[in-house]
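Worksheet: the structure to be examined is printed underneath.
The values are calculated or read from the model by the stated rules, or taken from the named source; none is laboratory data. All figures in this text were calculated on a predicted structure; none of them were measured in a lab. Counting neighbours? That spans all protein chains shown, and the Cβs are built from the backbone with ideal geometry, glycine included. These accessible areas exclude ligands, DNA and RNA; they are computed on the full protein's heavy atoms, side chains included. Shrake-Rupley method; radii C 1.70, N 1.55, O 1.52, S 1.80 Å.
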Amino acid sequence: MSRSLTCLGRRPCRPHRLSRAPLPCEPGNNANCGEPVCCREGNGVPANKSEGAGPFGDYRYCDTPLWTLESMLQKLSAEKDQFDYIYWTGDLPAHDVWNQTRGTQLESLYHMVGLMRKYFPDKPVFPCLGNHESAPVNSFPPPYISGKYNISWLYDALADSWKHWLPKDALAMVKSGAYYSVSPHPGFRIISLNMNYCNSENWWMLLNTTDPTGELAWLIGLLQHSENTGEKVHILGHIPPGDSGCLKAWSWNYYKVINRYQNIIAGQFFGHTHYDSFQVFYDEETLSVPVNVAYVAPSVTAYSGLNMGYRFYTMDGIYRNSSYQVLDHETYILNLAKANAEGKIAWEFEYSAKAQYNMASLSPRDWDKLITRMSTNQTLLETYNRLYYKSVNSGECDKACRFSKLCDTRSARSHDTDLCKDL
Ligand SMILES: [Zn+2]
């Protein structure tokens, strides 16, 4: 059995100063400044104290202070014997996208990688590229675009900063497309995708929305190799494939790939949304047989209206013939209101999937059963809705909320509501 930790992107208060020691993001900075991100230097201190940011972050339009992030890393570092490796699903810079340059983005990248290495010097880390790492945000030209828009400024830096974690052949892949695969144990392969080639806000995809860098073709070849050699596979990525922000052509082709290789794909792990959710894949023929699951783990940012969170996955793994299936997952959160009120940080256990949802296993069939159960059990649906927002009180889940939450879990391919008709 092995455990992995999924730690999603966080948002520092001052990315332009990240190459230095982190500076305090003074509590009290304006948290309601009228800009997309507040609580930052330059937002000032509001006349009304209640408009000021809390000491450990704020539910309003504020990114996570570095010391809150480091409190999580410190806690996990002290528990490092309890997990084997880390899945790190991207989005490192803050949301002040109008301030960002290539320089500030690289400072964020190197600073965050430095923190991970400081707290987990001996732990394998398998990173992914988020959509916020580029400048401008969401701008990921295919590598054949040359000249001033060429993306090598970022992909070369990724390969350089990830060199302690990945072998040379994987780093060469990172330099060319920011995706890679590694086999940490015989019989087990991890594939990290660059989901910006399905990102609908990446306008470079207007040139080719299907497979601009050959990433899907590469994925198919790799999965065929894994099938031939008896490997089980985990797929990591940033934007979930069923998210409306994933282009339809890419998403539907990816769905076909998951269908074809469902026998060897033991887990899929994504981030991006900041919410805690999942997406079930069904057989393409009848859309009635659940064949795979993508987990969407909660973020370390409170942006916006959320508590912060991270997750442990317990896998059937280590041995050559292990299934590498996810046996259970446990989510931990920081209750931000409580931390700010008490003046101290306490990361706490939120729930484990099997116990909370009374599931026999975390198989695709059991996740599908959970969706059906939630469709007729309002109490269960309310529980899912609360955990979706990391235990922030989100109010009652009414008819529209019910449809949206359940339809999302059934739609692992984007822009497809075929499976939502009975909801
Ligand atoms: Zn994202």
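When the Gaussian network model of the chain links Cα atoms closer than 10 Å, the mean-square fluctuations of 58, 398, 91 top out at 398. Among the trypsin sites (Lys or Arg not before Pro) found in segment 113-160, not one is both in a DSSP coil and sparsely packed, with 16 or fewer other Cβ atoms within 10 Å of its Cβ.
Spatially, segment 34-65 and segment 74-93 are offset by 27 Å when compared through their Cα centroids.
Stretching the chain fully between residue 35 and residue 82 yields a gain of 12.9 nm (0.36 nm per residue, less the alpha carbon separation).
Length available on full extension from residue 396 to residue 164: 0.36 nm per residue minus the Cα-Cα distance, which gives 78.9 nm.
With the simple spin-label model, which puts each label point 7 Å out from Cα in the Cβ direction, the residue 122 to residue 101 separation comes to 4.1 nm.
One quarter of the convex hull surface, Cα atoms only: what value does that give for the chain in nm²? Each step should come with its number before you reach the end.
Details: hull surface 78.9 nm².
Convex hull of Cα atoms, orientation-averaged projection: 19.7 nm².
Of the GluC sites (Glu not before Pro) found in segment 335-398, those that fall in a DSSP loop while having at most 13 other beta-carbon atoms within 10 Å are 396.
A 1.4 Å probe run over the protein chains yields, for segment 87-212, 38 Å² of accessible area per residue, whole-number rounding. To the nearest 0.05, what FRET efficiency results for residue 220 and residue 346 with a Förster distance of 56 Å applied to their C-beta separation? After rounding to 0.05, the efficiency reads 0.75. Once the chain from residue 404 to residue 284 is taken as fully extended at 0.36 nm per residue, the excess over their C-alpha distance is 41.0 nm.
Solvent-accessible area of the chain (1.4 angstrom probe, protein heavy atoms only): carbon and sulfur portion equals 52 percent.
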